[in-house]
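Notes follow once the structure below has been shown.
The values are calculated or read from the model by the stated rules, or taken from the named source; none is laboratory data. Remember, predicted model here, so these are calculated numbers, not experimental data. Here Cβ is always computed from backbone atoms with ideal geometry, including for glycine, and neighbour counts include all displayed protein chains. Surface areas here come from the heavy atoms of the whole protein model, side chains and all, with no ligands, DNA or RNA. Shrake-Rupley method; radii C 1.70, N 1.55, O 1.52, S 1.80 Å.
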Amino acid sequence: MSSSEPSSMGRTAYASFAERYAEIAVTKPHNALYERPATRQLLGDVTGLHVLDAGCGPGINSAWLVEQGATVHGIDVTPEMIELARKRCQDMTADFDVQDLGTPFGTLADDSFDAIVSALALDYVEDLGPTFREFARVAKPGATLVWSMGHPMRDWLDERTRRNRSYFEITRFGMYWSGFGEPKPFVESYRRPLAGILNAAAAAGWQLEHMVEPLPLPEMKAVSPRLYDELSLAPAFMCLRARLEKPAR
């Protein structure tokens, strides 16, 4: 696969339902009552920080970060998402660029960010090593990186994503997503072993501090009892926090 293939994969999928995603993901239980609270809790206090929202989508986290006192730069591979993020964050201390997470961040300077958040975006990058190295390049020494991804074991147990492959392989898979209206979008991403994720981060200088396999918020039980029961038994996502170990320049 070429290095550009993952970008076209994500761009094509999300461009097809960008406006629906921007509206529905704000309250969709998987996001609002599961992944997003866990990711935000790992970030902690962001007051006064310059934060990179990597894979910012329509700017849902970007707007929240500004409301918490941060200044934000958001990047995303999908131009339609960037336009929606600019609209959502109009008149806020946030700016946005189209950028593929799988290629060098050409517009971002070294040692620029106090923190980086990447929510459910790295599943669309085939080779995580260069991405974690770019995160390290643009981060200040001691910066925090918080990211969330599909849980490798959960995805491997689902035969739609496993496709009769070994747990230890990187597998590209696609499925039609429900919950975002019709027509159902077809979204492709990558499943990989946990070691492949953690070792790529460590090799780039990121020291793991904490990992969360989230539980759904209690409010989900009233909104979607089936999903609440499912996520109470096994995690769909994982959220991680790491700190950058690199000497000051």
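Residues of segment 102-119 that are of a type outside the set (Gly, Ala, Ser), closer than 17 Å to VAL51 by Cα and modelled with pLDDT of 95 or more: PHE105, LEU108, ASP110, ASP111, PHE113, ASP114, ILE116, VAL117.
Considering every residue within segment 189-198, establish whether at least one is under 26 Å from GLU19 (Cβ atoms), within 19 Å of the chain's Cα centre (by Cα) and not basic (Lys, Arg). Yes; the residues of segment 189-198 include at least one that is under 26 Å from GLU19 (Cβ atoms), within 19 Å of the chain's Cα centre (by Cα) and not basic (Lys, Arg). The numbered conditions (1) open to solvent by less than 10 Å² (accessible area, probe 1.4 Å); (2) in a helix (DSSP H, G or I) are all true for PHE105 except (2). Got a number for residues in segment 213-245 being in contact with a Pro (Cβ under 9 Å, 6 or more places away or on another chain), part of a loop (DSSP other than H, G, I, E, B) and open to solvent by less than 50 Å² (accessible area, probe 1.4 Å)? Looking only at that region, the number is 5. ASP53 meets all of the listed conditions (1) under 20 Å from VAL212 (Cβ atoms); (2) free of Cβ contacts under 8 Å to residues at least 40 places away in the same chain but one, namely (2).
The residues of segment 122-149 that are closer than 15 Å to LEU43 by Cβ and among the hydrophobic types (A, V, I, L, M, F, W, C), listed by number, are PHE135, ALA139, ALA143, LEU145, VAL146, TRP147.
Residues of segment 16-56 that are open to solvent by less than 40 Å² (accessible area, probe 1.4 Å), of a type in the set (A, V, I, L, M, F, W, C) and closer than 22 Å to LEU240 by Cβ: ALA25, ALA32, LEU33, ALA38, LEU42, LEU43, VAL46, VAL51, LEU52, ALA54, CYS56.
Restricting attention to segment 7-34, which residues are more than 18 Å from GLY181 (Cβ to Cβ) and either modelled with pLDDT of 75 or more or of a type in the set (A, V, I, L, M) (or both)? Result: MET9, LEU33, TYR34.
Results for (1) of a type outside the set (Gly, Ala, Ser); (2) at pLDDT below 95, shown as yes or no for each residue.
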| residue | (1), (2) |
| --- | --- |
| PHE168 | yes, yes |
| THR171 | yes, yes |
| PHE180 | yes, yes |
| PRO185 | yes, yes |
| ILE197 | yes, no |
| ALA202 | no, no |
| LEU208 | yes, no |
| PRO214 | yes, no |
| MET220 | yes, no |
